[in-house]
1. Would you mind stating whether THR216 is in contact (Cβ under 8 Å) with a residue 60 or more places away in the chain and under 18 Å from GLU291 (Cα atoms)?
2. If you go through the range 240-250 one residue at a time, do you hit one that is of a type in the set (Ser, Thr, Tyr) and surrounded by 16 or more Cβ atoms within 10 Å (Cβ to Cβ)?
3. Take the residues in the range 258-312 that are within 60 Å of the chain's Cα centre (by Cα) and among the hydroxyl-bearing types (Ser, Thr, Tyr), then tell me which one is nearest to ASP168 (Cα to Cα).
4. Identify, please: which residue in the range 266-277 is at pLDDT 95 or above and either part of a loop (DSSP other than H, G, I, E, B) or touching a strand residue (DSSP E or B) at 6+ places or on another chain (Cβ under 7 Å) (or both) and is, among those, nearest to ALA224 (Cα to Cα)?
5. Check GLY287 against each of (1) touching a Gly at 6+ places or on another chain (Cβ under 8 Å); (2) more than 18 Å from GLU192 (Cα to Cα) and name the one condition it does not meet.
6. When you check GLY212 against the structure, is it within 20 Å of THR286 (Cα to Cα) and either at pLDDT 95 or above or within 56 Å of the chain's Cα centre (by Cα) (or both), yes or no?
7. Residues of the range 278-291 being in contact with a strand residue (DSSP E or B) (Cβ under 7 Å, 6 or more places away or on another chain) and over 28 Å from PRO231 (Cα atoms), which ones?
8. What number of residues within the range 258-301 are under 13 Å from PHE219 (Cα atoms), free of Cβ contacts under 8 Å to residues at least 60 places away in the same chain and of a type in the set (Val, Ile, Thr)?
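The values are calculated or read from the model by the stated rules, or taken from the named source; none is laboratory data. Here the structure is a predicted model, which is why all the values come from computation and not from measurement. Here Cβ is always computed from backbone atoms with ideal geometry, including for glycine, and neighbour counts include all displayed protein chains.
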Amino acid sequence: MAWQDDLSRLDEELSAGRIHSDEYRRRRDELLAAASSNPAVTRARRQPSVVPGPTSDDADVTQQVEMPDPRQQPNAWVAVPAQPVIEQPPINSLVPKSAPMHGAEVFGLTNFGPARRRTWPRFVIAIVVLALIGAGIWLFVLRKDGPADSAPPAAPQFTLDRLPNPTDSPLSTSGVLTVDQAQIYNLIKPDEAQYLLAGGTQKIFYRQVVSGTMSTQIFYFMVAPGGSGTPLAKRIVDRGTKLGMATVPGLPAGVTGLKSLAANAGIFEAAYPTDQGAVRIVIGQTGEPAEKTLTDKLKQTVTAVSSSLPYR
């Protein structure tokens, strides 16, 4: 075998990692030294030889030309000067270990150099820091004072169902009226309508229960938000006093009781202010009045109503 073939095989063994670089250089130097000490031999060009084929009287004579072996051509024996061999790392170390690219990555990946970190200008960083500091100041300082400045939640609206029925009777008459409507239905007198309007009354919540000879009336005079029910409660008491009604003792503090007894009727009243108005309770009895019964009924009704409309 020619020394070029041996050299090629030696390169393949080095590339495959079957030999080390030291052994490769040693064997290469030996191979090149042997090739340089044995000069190339030029062989004569062989002429095509004619091989006589079988002859017969009726057969055609065909010459068979035998081509020379290409390795026996003169140029195949010319010595090639030794070339320096560049040591390369094993093939496995040259294969990139990154993951294979898919889809658009094959066409979009143009820069194979190391990734460069994006840098931000210093003034941008300063603005971000100042914004964070301002947000922290608002959160811990300004927001702390926010709830104190905000308006308190609105109080729940009073409804008619909160006006209790302190009797055992399931039937009652109730409604929400204006001052004028209450006067039309003869629930209040004209002079009462005057001081109710003067005191800022907006609505009158009313309930009446009649059981036998006894009648229970409950009025809640609601004034405008921010108004006071104390003047209204005082006007109710002053009117009853002018009519000659006497005081009913034994009622809770803040509640004023009045009574008027006759041979064929009796009236007991109570009045007190609330946060947004005034309450008036009227217990009436036809026929010969029972004072103790009327007194107990008045106290019982005050207790029931004050649970929904506490006295101020």
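1. So THR216 passes the test.
2. Checking the range 240-250: not a single residue is of a type in the set (Ser, Thr, Tyr) and surrounded by 16 or more Cβ atoms within 10 Å (Cβ to Cβ).
3. The initial filter retains those residues of the range 258-312 that are within 60 Å of the chain's Cα centre (by Cα), namely 269-283, 296-312.
Applying the additional criterion that residues be among the hydroxyl-bearing types (Ser, Thr, Tyr) yields 272, 274, 301, 303, 306-308, 311.
Details: TYR272: 24, THR274: 26, THR301: 12, THR303: 15, SER306: 18, SER307: 18, SER308: 18, TYR311: 24 Å.
Ranking the candidates gives THR301 first.
4. Once the filter is applied, the top-ranked residue is GLY277.
5. Against the list (1) touching a Gly at 6+ places or on another chain (Cβ under 8 Å); (2) more than 18 Å from GLU192 (Cα to Cα), GLY287 comes up short only on (1).
6. no
7. GLN285, THR286, PRO289, GLU291
8. So the count comes out to 1.
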